[in-house]
Amino acid sequence: MIVRHLFISPGHNYFGHREQPAGTLPTRAVTEIECVAGRGIRSDRFFDFKVNYRGQITFFALEVHDALCRALNLPGRSPDSYRRNVITEGVDLNQLVGAEFELQGVRFRGTGECSPCHWMDHACAPGAARFLHGRGGLRAVILTDGWLRRQPNDARPHPVPPARSCSPQKSD
């Protein structure tokens, strides 16, 4: 699994905005993020959001982004539109739901899909929410402290061993 992009945002544009207009807080591209076990990503909107929050960090596949851009004719669209933290390449994120995995020395547990909502049609284009059904990304908890860093575009994706749980803990 390769980390292609990293994003953080200081606040919520869609989360908690039911029946209200979307917010306008920027998503900021960064070269590295600090993952804090059980708390989230330092400086991100979900850091210390609530105890045992299942979406301390979110992942999204670059392959899905590219497919959506082709399907909805969105050339040049940035993957920051989805407001996910880590844009990956080379792994089926749905296989990591319920599994523990490691990336760049940091351990995570996939807790569920980032189900796309109607806001995706606003953030990307009409039809995005439907297109992303079943491939909206991965929500996870952070199990160990550490840093994730954006990898260069010439880094090649490599197969990830099948995800497996390393402890008898049950997913939330």
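Please go through the range 43-65 and give me each residue that is farther than 17 Å from F101 by Cβ and surrounded by 14 or more Cβ atoms within 10 Å (Cβ to Cβ), ordered by number. Let's see the steps before the verdict.
So the first thing to find is which residues in the range 43-65 are farther than 17 Å from F101 by Cβ, and the list is 43-53, 62-65.
Listed by number, the residues that qualify are D44, R45, F46, F47, F49, Y53, L62, E63, V64, H65.
Give me the pairs: first residue in the range 128-144 and farther than 12 Å from N94 by Cβ and polar (S, T, N, Q), second residue at pLDDT 95 or above and surrounded by 18 or more Cβ atoms within 10 Å (Cβ to Cβ), beta-carbon distance under 9 Å, and six or more apart or on different chains, which are they?
Final answer for the pair search is T144/C35; T144/V106; T144/R107; T144/F108.
Yes/no matrix, rows are residues, columns are (1) in contact with a helix residue (DSSP H, G or I) (Cβ under 7 Å, 6 or more places away or on another chain); (2) modelled with pLDDT of 90 or more; (3) of a type in the set (S, T, N, Q):
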residue: I41; (1), (2), (3): no, yes, no
residue: D44; (1), (2), (3): no, yes, no
residue: A67; (1), (2), (3): no, yes, no
residue: L72; (1), (2), (3): yes, yes, no
residue: D92; (1), (2), (3): no, yes, no
residue: G98; (1), (2), (3): no, yes, no
residue: C124; (1), (2), (3): yes, no, no
residue: F131; (1), (2), (3): yes, no, no
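Out of all the residues in the range 129-150, which are farther than 23 Å from I41 by Cα and among the hydrophobic types (A, V, I, L, M, F, W, C)?
First pass over the range 129-150, keeping only residues farther than 23 Å from I41 by Cα: 129-134.
Correct list: A129, F131, L132.
Is it true that some residue in the range 13-31 is modelled with pLDDT of 95 or more and either part of a loop (DSSP other than H, G, I, E, B) or among the polar types (S, T, N, Q) (or both)?
Yes, the range 13-31 contains a residue that is modelled with pLDDT of 95 or more and either part of a loop (DSSP other than H, G, I, E, B) or among the polar types (S, T, N, Q) (or both).
What are the residues in the range 98-112 that are surrounded by fewer than 18 Cβ atoms within 10 Å (Cβ to Cβ) and free of Cβ contacts under 8 Å to residues at least 60 places away in the same chain, if any?
Correct list: E102, G105, G112.
(1) under 15 Å from R139 (Cβ atoms); (2) free of Cβ contacts under 8 Å to residues at least 12 places away in the same chain; (3) touching a helix residue (DSSP H, G or I) at 6+ places or on another chain (Cβ under 9 Å): which one isn't true of F49, the others all being true?
Result: F49 fails condition (3) only.
The values are calculated or read from the model by the stated rules, or taken from the named source; none is laboratory data. No experiment lies behind these values; they were computed from the predicted model shown. With ideal geometry, Cβ positions are generated from the backbone for all residues, glycine too; neighbour counts draw on all protein chains shown.
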